[in-house]
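Before any comments, here is the structure.
Please treat every number below as a calculation from the coordinates, not as lab data. Note that the structure is predicted; figures quoted are calculated from it, not measured. Note that we place each Cβ from the backbone using ideal geometry, even for glycine, and neighbour counts take in every protein chain shown.
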Amino acid sequence: MSEGIRDKVAIVGAGCSKFGENWDRSPEDMIVDAAYEAYADAGIDDPQARIEAVFCGSVYPSRGTAEVAESLKLFDRPISLVQNYCATGTDAVRYAVFAIAAGMYETVLVVGFDKPKDRGVAGPSLMMSGVRDLPPTPAGWFSLCAAKYFERFGAGREDLARIAVKNHANGCLAPKSMLKREISVDDVLGARMISWPFGLYDCAAQSDGAAALVLSRADLARSFREDPVWIKAVAIALAPNPQTDPDFDFLAWKPTLYAARQAYEQAGIDEPFKQIDIAQVHDCFTLTEMLTYEDLGFCEKGSAKEHVASGTFTLRGELPVNTDGGLKTFGHPTGATGVRMLYENTLQLQGRAEGRQVEGATTALSHNIGGAPQTCGMTVVGIDR
């Protein structure tokens, strides 16, 4: 078995633009906002001299790598574009980590960005095929999993509503989040129905935004800052299309199970609930977050509703999840989301998350699923204490 990438690469700078319906900002504007915040965070005042390569992720690019090269004036070096559904940002990080770990570069930039609002995209634009008479929209398809979960484990809309309430509360504490409105369980249950059991507040809307990271070789990390965040694991996994997979049971996300196995092995994690302090997980729908608690090994299958009710995953709970509001309220510019999650985890581990700070956190996880869902990206990062 290979020796892996644990602690060979560090995050030394992190930046993020404001997420939202950014009608007054171009993709280039948001890329500059995120990248220059990351440069400043890393103490880089001459990025043209220090950044050796750029790895970017975008699902809706208009000019691809040119948008990044021209906005940042980084021309005479490699710039690569990654696309992998909602795991796009995480996969861009993965390529960057491997390039440094392989010895090709010392310092690189990762940028995730998308501006779907200029394309008239209100929600995930993925169209599902009509196999097995499944609904042709993400909400319709994911709602079938919710109905099956409710029937099998006795959960209900109130359990999903508590997740939405939690993420709205956390999003109000994140300065760059899209939605800043606290809601109640009654608000969730009374909102207009999208696809039963999902009402409006069970669904994450897409947004515009960009996020960026400066990564460096581990032995150089402290020349940038005294508190680098170490990459412990980065994983990508694919699974059969659940619409045609005869073994899909509507109760678990196979891509998450596969990616978690990789990431936990890389990071040396065998008791995730005890060893992970905070997590940012994919909450395109509230049900997605609930299933992910179980698929990541945070609780037993079918028990998530009890943990939701007791506050296990709230900001002051035993394992806070989506500390910045998640996709639900921070926003979901598809190519940026995985990088934004690492931005949040970096701030949390360095003690810079202000009103949403989780005290004493040393290990953080991020998780994206995408497609039907058919792909999953995960990272585990940590600091020295």
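Holding the Cα-Cα limit at 28 Å, pick out from K18/K274; K73/K328; K166/K254; K8/K301; K73/K115; K254/K305 the pairs that are longer than that.
Beyond 28 Å between Cα atoms: K18/K274; K73/K328; K8/K301.
Can you find, among Q275, L287, T337, the residue farthest towards the positive end of the dipole of the stretch 258-385? Put +1 on the C-beta of Lys and Arg, -1 on that of Asp and Glu. Of the candidates, T337 comes out farthest on the positive side.
Counting only residues at least eight positions apart within a chain, or on another chain, the aspartates and glutamates with an alpha carbon under 17 Å from that of K176 are E21, D24, D29, D33, E37, D41, D114, D208, D324, E344, E354.
log₁₀ I(q)/I(0) of the chain at q = 0.07, 0.11, 0.13 Å⁻¹, via Debye over equal Cα point scatterers, no solvent, to two decimals? Each listed q maps to, in turn, -0.27, -0.69, -0.99.
For the stretch 165-287, a Kirkwood hydrodynamic radius built from all Cα pairs, placed in the Stokes-Einstein relation at 4 °C and 1.567 mPa s, yields a translational diffusion coefficient of 71 µm²/s. In the stretch 2-96, a dipole from Cβ-located charges (positive for Lys and Arg, negative for Asp and Glu) runs towards its positive end, and of S26, A69, T90 it is T90 whose Cα lies farthest in that direction.
Across the chain, where is the longest run that never hits chymotrypsin sites (Phe, Trp or Tyr not before Pro) in a DSSP loop with at most 12 other C-beta atoms within 10 Å?
76-385
The relative contact order of the chain comes to 26 percent, based on Cα pairs under 8 Å that sit 6 or more residues apart. In terms of its alpha-carbon gyration tensor, the stretch 280-372 comes out oblate; a/c meets the 1.5 threshold, while b/c is at least as large as a/b. The angle between the Cα long axis of helix 157-171 and the main principal axis of the chain comes to about 30°, on a 0 to 90 degree scale.
Springs join every pair of Cα atoms under 10 Å in this Gaussian network model of the chain, and among A212, A260, A102 the largest mean-square fluctuation is at A102. Each label was represented as a point 7 Å from its Cα along the Cα-to-Cβ direction; for E306 and E70 these points are 5.8 nm apart.
For the stretch 42-103, what does the alpha-carbon gyration tensor say about shape, rounded, prolate or oblate, given a ≥ b ≥ c as the root eigenvalues, a/c under 1.5 as rounded, and a/b over b/c as prolate? Taking the square roots of the gyration eigenvalues as a ≥ b ≥ c, the stretch 42-103 is oblate. For trypsin sites (Lys or Arg not before Pro), the sites in the stretch 1-94 that DSSP calls loop and that have at most 16 other Cβ atoms within 10 Å are R63, K73.
Secondary-structure-derived ellipticity at 222 nm for the chain, considering helices only, amounts to -10000 deg cm²/dmol, per-run term -39500 (n - 2.57) for DSSP H runs with n ≥ 4. Applying the criteria of a DSSP loop state and at most 12 other Cβ atoms within 10 Å to the GluC sites (Glu not before Pro) of the stretch 1-41 yields E3. Sorted ascending by nearby beta carbons within 10 Å, beginning with the fewest, M104, M378, M178 become M104, M178, M378.
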